[in-house]
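Shown next, in structure tokens, is the structure this report addresses.
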Amino acid sequence: MRLGLRTVKTVLSATLAIFLAQATNLLYPPSAGIIALLSVTNTKRSTLKTGFSRLLSLTLATVIAFLSFTLLGFTPFAFGIYLLFFLPISSYFKLEEGISVSSVLVTHYLVEKSLSLQMIKNEFFLMIIGVGLALLMNLYMPDKEKKIKENQLIIETLFKDILQEMADFLTNEKSTQLFAKCQEISTFIIKSQKEAKIQMENQLFNQDNYYLDYFHMRRLQANFLKDMITSLEKITIDKNHSQKIRQLLFYTAENLSTENDGKEILKSIQKVYISYEQMPLPQSREEFENRARLFHFLQLFESFIKIKADYYEEKQP
């Protein structure tokens, strides 16, 4: 059995939280360990957000518990009234993450039959120790940037392969698995998006959404690729009509990269549009329908490139 990094962090933070709570003579020190256990998340940002949310939640819980226990005494009924108000108010202020932890700490007031300043300090220190050690453990996060850059290159290579296969299809209409390959790309992009989001959320002060935006752009392009493949499979091959699109696909495959702004490819697409306009009119219904399918494919391809061109323009300083 292989222990993951998050498991190790959780064990260490929970254990140290209990030791620290005991060393400072707090009541109910295991509670600090449980809080730490529940506060170690996948990213620095989410851990910080969780910790802050739980401190706010405990503040709200203490105020409601003070009113409930003062008016009704330290009884199970008073605890039920506390929950009756605490649950909907927490939901309204989006503090649901702190409901369970804060309510466990409120039971300490019930058991001790005390809401003294010292008791309140005890509960807040338990919370601070728990979330503080969770955040401390999460200060170290493995850098995923190298892996994310590798994913970029893999995606670009897969796109190139599909574009080249589409060009080959226009030449000899060989049986392909283009749609299945495109689906594999989409799955890989989604996985890469998740890794990019984790990388971004591990930057507490200097968050850069470049990779997240990049994979979003490629995901949109993958959707257009699926439409292009569907359109392509309906086209009857006519070398005179499809040659220019075939050359365009090969040119795009050769020049596809993160740095390419897509402008030259869009210019080439416009030239193909003009060449189609200058062609003699179709002589049969079949030729007309096939020409229309080629034109539709070209429109989809233009949209595919525009996604990259728009993305590149947005990223310019």
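Remarks
- Candidate set: the range 301-317, residues that are open to solvent by 70 Å² or more (accessible area, probe 1.4 Å) and modelled with pLDDT of 85 or more; chosen: the one farthest from A167 (Cα to Cα): D310
Residue-by-condition table, conditions (1) hydrophobic (A, V, I, L, M, F, W, C); (2) open to solvent by 40 Å² or more (accessible area, probe 1.4 Å):
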| residue | (1), (2) |
| --- | --- |
| I64 | yes, no |
| T70 | no, yes |
| F74 | yes, yes |
| F77 | yes, yes |
| L87 | yes, yes |
| K94 | no, yes |
| E97 | no, yes |
| S100 | no, yes |
| S103 | no, no |
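- The residue list N223, N172, N255 contains one member that is open to solvent by 60 Å² or more (accessible area, probe 1.4 Å) and modelled with pLDDT under 85, which is N172.
- When F215, F188 are checked against the criterion of being closer than 16 Å to I307 by Cβ and surrounded by 14 or more Cβ atoms within 10 Å (Cβ to Cβ), F215 stands alone in meeting it.
- Going through (1) open to solvent by 80 Å² or more (accessible area, probe 1.4 Å); (2) closer than 24 Å to L248 by Cα; (3) modelled with pLDDT of 90 or more one by one, F179 falls short only on (3).
- For the range 145-159, the set of residues classified as of a type outside the set (S, T, N, Q) and crowded, with 17+ Cβ neighbours inside 10 Å consists of I148, I155, L158, F159, listed by residue number.
The values are calculated or read from the model by the stated rules, or taken from the named source; none is laboratory data. On a predicted model such as this, the values are computed, not experimentally measured, just so you know. All Cβ positions, even for glycine, are placed from backbone atoms using ideal geometry, and neighbour counts span all protein chains on display. Just so you know, the surface numbers come from the protein's heavy atoms only, side chains and all, with ligands and any DNA or RNA stripped out. Shrake-Rupley method; radii C 1.70, N 1.55, O 1.52, S 1.80 Å.
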